Amino acid sequence: MSALEGSAGAESERPVPRRLSTARGLGDRIFRYQLTATGGIVLAIMAAVGLFLLLRAGQALRTRGVWAFLTTAEWQPDVHRFGIAAVLTGTLLIAAVAVTISVPLAVGTALFISDVAPRGLRRTLVTMVDLMAAVPSVVYGLWGLFFLQEHVIGLSRWLSDWFGWIPFLHVDGTQPGEPLASQSVYTASTFVAGIVVALMVAPIQCSVMREVFAQAPAGEREGAYALGATRWGMIRAVVLPYGMGGIIGGTMLGLGRALGETIAVYLIISPVFTIQPHILQTGSNSVSSLIALHYGDASTFGMSALMAAGLALFLLTLAVNFTASSIVARSRSGAQSEA
């Protein structure tokens, strides 16, 4: 009996596997409800903004028509001749110049901070980039107006002289190499405004890209070095492909900021209400600057026209952000290393 009792006792002392349960605890459920409620509130606010703009813009859109509103390049709402063709073109050109300049700057800075800079210098650089993102836009606008613009005239003249055969770099009324050409034709241009906006959005883009680059799998980094790759080879083979979603997301985030920038652009440009494709030539405009310029003296119908312009900018920004979200969702960023 003692042997039987011993074997029975041994069987009773064997570890019993713990039952796994997928039931969420109270804290998990509360956290999930909070996230759901927050997302719902954000969507509700966006829908409320869009509905408000649509209702306020209804009078102008019914009077003018959507197609005429999008294709007319003048702004005289009091006589029912208005449209955003000119300012929408200016908005897209300023944003294109800004993104063309800011993306290489942001990518290079993010790669330097995440993969090249010494550990002691890295925190200082991160702080400086974040501080640049916090500088008010009016400061950038004043800096661009009183300092940057006069120093960019030489570059604008050089680009016009050597690359004026490209349509968007041509400047009307100037000849290549003309020494007595007036400098006023190069001021208050899309190019100057684009440079200022680029310096405004580059820190935001850099912050997004830096966070993604820093999460590149360590196993794949070490595997690249083990195969004999240089630091640049590792960055090109591992970090850049992994961070492509971050590059696209940061670019689109900066593009959304560039499309809606108001004060800095308003301070620099010389407003014109014709389609101006020459980025080096004086005269430009944007949707946000149009609203800032005419908001104070607009009539009731003019205010409805301004709301229609704001609705167009709102929809354009939404389209850019949704496109960025879909691209980032299909990218490899966030994948786990297999090493």
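The values are calculated or read from the model by the stated rules, or taken from the named source; none is laboratory data. All values derive from a computational prediction rather than experimental measurement. All Cβ positions, even for glycine, are placed from backbone atoms using ideal geometry, and neighbour counts span all protein chains on display.
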Flag for ALA335 being surrounded by 15 or more Cβ atoms within 10 Å (Cβ to Cβ) and either among the aliphatic types (A, V, I, L, M) or at pLDDT 90 or above (or both) = no
Hits in the stretch 215-255 - residues which are of a type in the set (Gly, Ala, Ser), crowded, with 16+ Cβ neighbours inside 10 Å and assigned to a helix (DSSP H, G or I) = GLY223, ALA224, ALA237, GLY245, GLY246, GLY249, GLY250, GLY254
Of VAL212, VAL185, VAL171, which residue is within 30 Å of MET244 (Cα to Cα), touching a residue at least 24 places away in the same chain (Cβ under 8 Å) and surrounded by 18 or more Cβ atoms within 10 Å (Cβ to Cβ)?
-> VAL212
(1) within 28 Å of MET209 (Cα to Cα); (2) touching a residue at least 12 places away in the same chain (Cβ under 8 Å); (3) in a loop (DSSP other than H, G, I, E, B) all hold for ALA258 apart from (3)
Selection count where residues are of a type outside the set (Val, Ile, Thr), more than 19 Å from GLY260 (Cα to Cα) and surrounded by 14 or more Cβ atoms within 10 Å (Cβ to Cβ), scope the stretch 36-68 = 7
Would you be able to say whether some residue in the stretch 92-112 is of a type in the set (Ser, Thr, Tyr), buried (at least 22 other Cβ atoms within 10 Å of the Cβ), under 18 Å from THR282 (Cα atoms) and touching a helix residue (DSSP H, G or I) at 6+ places or on another chain (Cβ under 7 Å)?
-> no
Selection within the stretch 261-272 - part of a helix (DSSP H, G or I) and surrounded by fewer than 24 Cβ atoms within 10 Å (Cβ to Cβ) | ILE263, TYR266, LEU267
Identify all residues within the stretch 308-322 that are buried (at least 21 other Cβ atoms within 10 Å of the Cβ) and at pLDDT below 90; write none if there are none.
-> none
The residue that is nearest to ASN321 (Cα to Cα), considering only those in the stretch 227-253 that are out of contact with any Pro (no Cβ under 9 Å at 6 or more places or on another chain), at pLDDT 90 or above and of a type in the set (A, V, I, L, M, F, W, C), is ILE247
